[in-house]
Structure formats: structure tokens, C-alpha cells
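Engineer: One structure follows; several queries about it will come next.
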Amino acid sequence: MPRKKELSFEESLEKLEQIVASMESGDSSLKDLMANYSEGVQLGNNCLKALEDAEKTMDLLVREDNKKVIKQELQIEGE
Amino acid sequence: MAIHSVSQVNKFIKSMFERENVLRGIMIRGEISNFKCYPSGHCYFTLKDAGGALKAVMFKSRAQHLRFQPVNGLKVVASGTISVYERDGAYQLYVDSLAPEGTGDLQLAFEQLKAKLTEEGLFDQSWKKPLPVFPKRIGIVTSLAGAVLRDIYHVSKHRWPHIQLLLHPVQVQGEGSAEQIAAAIAFFNEKCPVDVLIVGRGGGSMEDLWSFNEECVVRAIFASKIPVISAVGHETDFTLADFAADVRAATPSNAAELAVPDCREVARHIVNLKARLTSQVKKGIESRRLRLNACLKSPVLASPQTMLAARRQRLDYLLGDLQRLTEKSVTTKKHRLNLLLERLDGMNPAGVLRRGYAVAEKRGKLVTRVAEVKPKDKLQLILQDGRVPVEVLSVPEAEAVKAGKEGQ
């Protein structure tokens with residue numbers, strides 16, 4: 001199933017939870033069941049992958065100086 | 001006898017008071033009454049006990065350091081100097097410091113502000129905002145040095161390695177610290193969006209934690225649109241910041257646990273969802289397989305010949321019925337035909353002829369009445385075994401007339 005845009009981790013997880021809930025409530029056609037299954041597996045794998053390789057973010061030391069936001073890299077003592 | 005002016009007397013009495021060391025740095029126990037605080041910041045009240053009253057004044061320079069709000073009826077110990085206000089000719093206590101009796105001034109200030117802000121509704125549960133489930137950026141308001149930041153760092157990075165921490169460093173105790181904390185909370189709200197805020201400091205005395213009981217900090221937390229987790233001191237320390245926060249954490253580590261999801265738990269959750277997905281599909285297919293099998297096992301599809309045999313049998317019965325009915329109907333009709341044939345036979349003229357009757361014919365037409373013949377007519381007389389030509393000799397008159405009449 002082609003996706004229009006890349007879903008965020010949260011959106012993917014929420015979608016996966018909805019799919020599982022709707023499948024568990026029953027009443028879907030075999031076609032829907034299979035479509036949901038493959039979409040759900042895809043979402044689950046995306047989520048797990050996202051957990052593993054999220055981009056590294058820099059921790060920041062922030063403050064305001066003369067109405068300007070100053071951001072520096074945060075160095076934790078002893079790290 | 002010399003005459004003195006009022007001013008001279010007052011001045012003299014004042015100097016008497018000021019020479020008296022007992023009145024300098026004196027501590028007096030009493031109950032506050034007639035308390036008034038003017039817009040100038042100077043406070044005026046009366047200290048009294050069962051036996052008397054003493055006017056007191058506390059100037060702004062001193063009163064601004066009061067943590068609690070002096071109120072009428074409050075039992076206090078006031079310390080200061082007793083002197084004379086020359087204009088009124090009155091002596092009064094110039095208060096340097098005021099402490100509630102029986103309880104600490106911080107404790108009293110805490111109770112007073114807590115009551116005031118509770119009254120305003122700042123601590124109502126209905127204001128509490130839920131924490132985001134998957135925050136990306138955590139804003140931290142605490143000091144750069146100290147264990148709090150390290151604890152938050154370790155716990156949050158352990159739970160979600162890619163969480164981003166943004167620290168706005170502040171002083172967490174001492175002069176001006178409350179204002180810094182309040183400003184940092186406002187800074188994150190206005191200039192530096194984060195998903196959740198942790199505001200806190202490590203353990204200490206009530207004096208050390210005091211900034212987190214200051215009204216400006218409590219109000220800044222209350223006003224924050226970003227959900228705030230407070231983490232002030234140890235588990236047993238409660239500050240007004242804790243009451244205003246959306247969630248109170250017992251410790252800074254606990255704050256990080258509350259703010260940041262554990263990626264292992266989330267991974268388990270996802271794996272569990274996938275398992276449920278697979279099991280639902282298996283169940284869905286299995287239930288359909290069962291339904292299909294039930295259909296396939298039905299006699300209709302399992303042995304169609306049985307169904308045909310039943311129909312064949314019914315057809316045979318019907319054909320048998322048809323034949324029986326046909327035969328019965330034919331017999332009845334044959335019988336009726338025979339009866340009709342017998343009756344018809346009874347009407348056959350040949351039979352009449354056989355019994356000795358004759359039939360007369362004139363020019364091929366049967367003669368049935370006397371009037372149909374005249375003398376000399378030639379007739380054919382039909383007998384049982386042939387024809388005899390005959391001639392009419394005569395026709396009786398009366399018979400002819402009668403026949404004629406009947407013929408008209």
C-alpha cells in the first residue's frame with residue numbers, strides 16, 4: 001500500500017493500535033483483514049526501526065540574552 | 001521656672017529613650033492588632049497583651065523581607081528599638097524583624113500562600129494537563145551544577161536514547177532565584193518550545209527550597225502552557241510548586257521517568273501489537289476455513305448423487321401416478337364409449353329393418369307422412385336386404401287433408 005507521506009513514529013504507533021483494535025473488534029472482510037494485516041506489520045516494523053535509528057540530537061544549554069535566544073551544546077559535568 | 005516648647009520636651013524624652021540600652025534591640029512578645037500596610041510599603045500595627053498595648057511600625061526596608069503576611073490576632077515576637085515619634089509625642093516600637101510565635105516564619109508563609117492560592121483555584125485538579133506520551137524535547141529548569149541535571153540526563157537517555165534535553169540554567173536558591181526560575185518557565189513557553197518541562201532542584205532545608213514556594217514561581221508554573229513536572233527536594237518535601245505543577249515527581253530521576261517513555265517498554269508494546277495482529281489474521285482465516293469446511297461437508301456438495309437419487313425417486317413416483325391415472329381415465333372413457341355405441345346401435349335403421357319394418361323413399365328422400373305422396377308416385381321400399389320399387393295406388397282423402405293442415 002503506497003503511503004502519501006511518511007508517518008511519524010507517534011502516528012504510526014497510533015495507527016497500528018487502531019488497526020489492532022479494529023481487527024480485534026471483529027467484523028472485517030477477509031480482504032480488509034489481509035490489507036490491515038500487511039499494513040499493520042509494515043507500521044510495526046517502521047516503529048521498531050524508528051526506535052533503533054532515530055537521529056542523534058544534540059542537548060542544548062539555552063538562555064535569553066538581550067531578547068535573543070542563545071543555544072549552546074550542553075555538556076554534562078563528568079560525562 | 002523655665003518654659004519649654006513641646007518640641008523641646010519631645011526631643012528630650014526621645015534622647016532619654018535612646019540612651020536606654022534596654023530599649024535597643026529589645027524582643028517583645030504580643031498579639032498583632034490594627035495591622036495596616038500602606039502603599040508606601042510601611043506597616044503600622046499595635047502589639048498587645050492582656051495588660052496593655054504598644055504601637056509599632058515596620059518600615060518598607062524591613063517589611064519587604066517578611067515571608068509571611070502579618071495579620072490581626074497573630075501571636076508574634078517582634079524585635080527592634082523603642083523610640084519616640086516626636087510629632088505625636090508618642091513612643092513606639094520600630095520593628096526590625098517579626099517572627100510568628102510557635103511556628104517558623106517560613107512555615108507560616110507557606111501556609112498563608114497555600115491558603116491564598118488554593119482559594120484562587122491554582123491547585124485545582126481540573127487545571128492539570130496530561131503529559132505527552134512521546135515527547136521529543138524536554139525543557140529543564142534547574143542549576144547547571146549539581147546532581148539534578150545528571151540524574152535527569154542519565155535516566156532519560158537510558159529510557160529513550162534520542163531524547164533531546166534543553167537546560168535553562170537558573171540559581172535554585174538565594175536572592176533572585178525565584179525570579180530566575182519563573183523567567184525560565186516563561187522563556188520556554190514563549191521562546192523555546194519543548195514538549196514537557198521539568199522544574200526542580202535537589203534536597204535541602206526549607207530555607208533552601210524556599211524559591212519553589214515563592215508566589216512568582218507558583219504562578220509561572222500555573223501559567224505554563226507546557227505541561228510541568230515538579231521535582232523539588234526529596235520525596236517528603238512538598239512545595240507550592242509541586243501543588244501547581246501538572247505532575248509532582250518525588251525526585252529528579254522520577255521526573256525523568258515520568259517525562260520520558262522507556263523505549264524497551266514501547267518496543268515490547270509494538271511487538272505485542274504485531275503478535276496480536278498476526279493472531280487476529282490467523283483467527284480470521286481459521287474461522288473462515290471452518291465455515292468453508294462446514295459448507296463443503298453439507299450433503300449437497302459432499303454427494304450430489306444422493307440429491308439426484310432423491311429427485312429420481314420422486315420422478316418415478318410421479319410417472320407411476322401419471323400412468324395409473326391415465327389408465328384409469330382410459331378405462332372409464334372406453335366404458336362410456338361402449339354404452340354410447342350400444343345406444344347408437346339401438347338407433348340404427350338397419351336394426352329396425354331387421355325386425356321387419358320397411359322404409360319408403362321418394363326420389364332419395366325418406367317418406368314419413370301420407371301427405372308427402374300422391375297416387376302414381378314411384379317410391380323405393382327399403383327392406384332388410386334390398387330395395388323394391390313400388391307405385392302408390394291411392395291416398396286416403398281424410399288423411400291427406402289432415403296431413404295438409406298439419407303441413408301448413
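Engineer: Exactly one condition in (1) under 23 Å from residue A:62 (Cα atoms); (2) part of a helix (DSSP H, G or I) is false for residue B:199; which is it?
Structural biologist: (2)
Engineer: Here's another thing I want to ask about it. Do you know which of the residues in segment B:202-220 that are touching a residue at least 12 places away in the same chain (Cβ under 8 Å), open to solvent by 20 Å² or more (accessible area, probe 1.4 Å) and part of a loop (DSSP other than H, G, I, E, B) is farthest from residue B:260 (Cα to Cα)?
Structural biologist: Selected residue: B:207.
Engineer: Residue check, residue B:223 against (1) within 12 Å of chain A (Cβ to nearest Cβ); (2) open to solvent by 30 Å² or more (accessible area, probe 1.4 Å); (3) over 20 Å from residue A:72 (Cα atoms), all met but one. Which one?
Structural biologist: Failing condition for residue B:223: (1).
Engineer: Identify all residues within segment B:151-162 that are within 12 Å of chain A (Cβ to nearest Cβ) and either surrounded by fewer than 24 Cβ atoms within 10 Å (Cβ to Cβ) or of a type in the set (Lys, Arg) (or both); write none if there are none. Before you say what the answer is, go through the steps one by one.
Structural biologist: Residues of segment B:151-162 that are within 12 Å of chain A (Cβ to nearest Cβ), as a first pass: B:151-154, B:156-157, B:159-162.
Within segment B:151-162, B:151, B:153, B:154, B:157, B:159, B:160, B:161, B:162 meet the criteria.
Engineer: Another one. Can you tell me which residue in segment A:7-24 is nearest to residue A:48 (Cα to Cα), limited to those that are of a type in the set (A, V, I, L, M) and surrounded by 13 or more Cβ atoms within 10 Å (Cβ to Cβ)? Break it down into steps so the answer makes sense when it comes.
Structural biologist: Of the residues in segment A:7-24, the ones of a type in the set (A, V, I, L, M) are A:7, A:13, A:16, A:19-21, A:23.
From the residues that got through so far, the ones that are surrounded by 13 or more Cβ atoms within 10 Å (Cβ to Cβ) too are A:7, A:13, A:16, A:19-20, A:23.
Details: A:7: 13, A:13: 10, A:16: 12, A:19: 17, A:20: 16, A:23: 21 Å.
Restricting to residues being of a type in the set (A, V, I, L, M) and surrounded by 13 or more Cβ atoms within 10 Å (Cβ to Cβ), the top hit is A:13.
Engineer: While we're here: Only residues that are outside any helix (DSSP H, G or I) and not basic (Lys, Arg): list them for segment B:185-196, please. Spell out the reasoning first.
Structural biologist: Of all residues in segment B:185-196, those outside any helix (DSSP H, G or I) come to B:191-196.
Result: B:192, B:193, B:194, B:195, B:196.
Engineer: Another question, then. What tally of residues in segment B:170-180 results from selecting those that are within 14 Å of chain A (Cβ to nearest Cβ) and either surrounded by 24 or more Cβ atoms within 10 Å (Cβ to Cβ) or within 41 Å of the chain's Cα centre (by Cα) (or both)?
Structural biologist: 1
One line per residue, one yes/no per condition, for (1) aliphatic (A, V, I, L, M); (2) surrounded by 10 or more Cβ atoms within 10 Å (Cβ to Cβ); (3) within 14 Å of chain A (Cβ to nearest Cβ):
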position	(1), (2), (3)
B:275	yes, yes, yes
B:278	no, yes, yes
B:284	no, yes, yes
B:301	yes, yes, no
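Engineer: Condition test on residue B:66, is it over 30 Å from residue B:193 (Cα atoms) and outside any strand (DSSP E or B)? Let's see the steps before the verdict.
Structural biologist: Working: over 30 Å from residue B:193 (Cα atoms): yes; outside any strand (DSSP E or B): yes.
Yes; evaluated as a whole, the condition is true for this residue.
Engineer: So which strands (runs of 3 or more DSSP E) are wholly in segment B:348-408 and hold at least 3 residues that are at pLDDT 85 or above and open to solvent by less than 100 Å² (accessible area, probe 1.4 Å)? Let's see the steps before the verdict.
Structural biologist: Numbers: elements: B:359-362, B:365-367, B:378-383, B:386-391.
Hits in segment B:348-408: B:359-362, B:378-383, B:386-391.
Engineer: Name every residue in segment B:108-150 that is more than 28 Å from the chain's Cα centre (by Cα), within 12 Å of chain A (Cβ to nearest Cβ) and open to solvent by 20 Å² or more (accessible area, probe 1.4 Å), in order of residue number.
Structural biologist: B:137, B:143, B:144, B:145, B:146, B:147, B:150
Engineer: Where residues in segment B:250-271 are within 13 Å of chain A (Cβ to nearest Cβ) and open to solvent by 70 Å² or more (accessible area, probe 1.4 Å), which of them is farthest from the chain's Cα centre (by Cα)?
Structural biologist: B:264
Engineer: Okay, next question. Give me the pairs: first residue in segment A:8-26 and more than 9 Å from chain B (Cβ to nearest Cβ), second residue outside any helix (DSSP H, G or I), beta-carbon distance under 8 Å, and six or more apart or on different chains, which are they?
Structural biologist: A:15/A:7; A:22/A:28
Engineer: Sticking with this structure for a sec: Within segment A:27-60, can you find the residues that are more than 7 Å from every other protein chain (Cβ to nearest Cβ) and among the hydroxyl-bearing types (Ser, Thr, Tyr)?
Structural biologist: A:28, A:29, A:38
Engineer: Residues in segment B:225-243 that are at pLDDT below 95 and among the polar types (S, T, N, Q): how many?
Structural biologist: The number of residues fulfilling the criteria is 2.
Engineer: Within the bounds of segment A:43-55, is there any residue that is at pLDDT 85 or above and open to solvent by 70 Å² or more (accessible area, probe 1.4 Å)?
Structural biologist: Checked against the condition, which is being at pLDDT 85 or above and open to solvent by 70 Å² or more (accessible area, probe 1.4 Å), segment A:43-55 yields no hits at all.
The values are calculated or read from the model by the stated rules, or taken from the named source; none is laboratory data. What you see is a predicted model; the values in this text were computed from it and never measured. Cβ: placed from backbone, ideal geometry, glycine included. Neighbour counts: every protein chain shown. Surface accessibility is based on the protein's heavy atoms, side chains included, excluding ligands, DNA and RNA. Shrake-Rupley method; radii C 1.70, N 1.55, O 1.52, S 1.80 Å.
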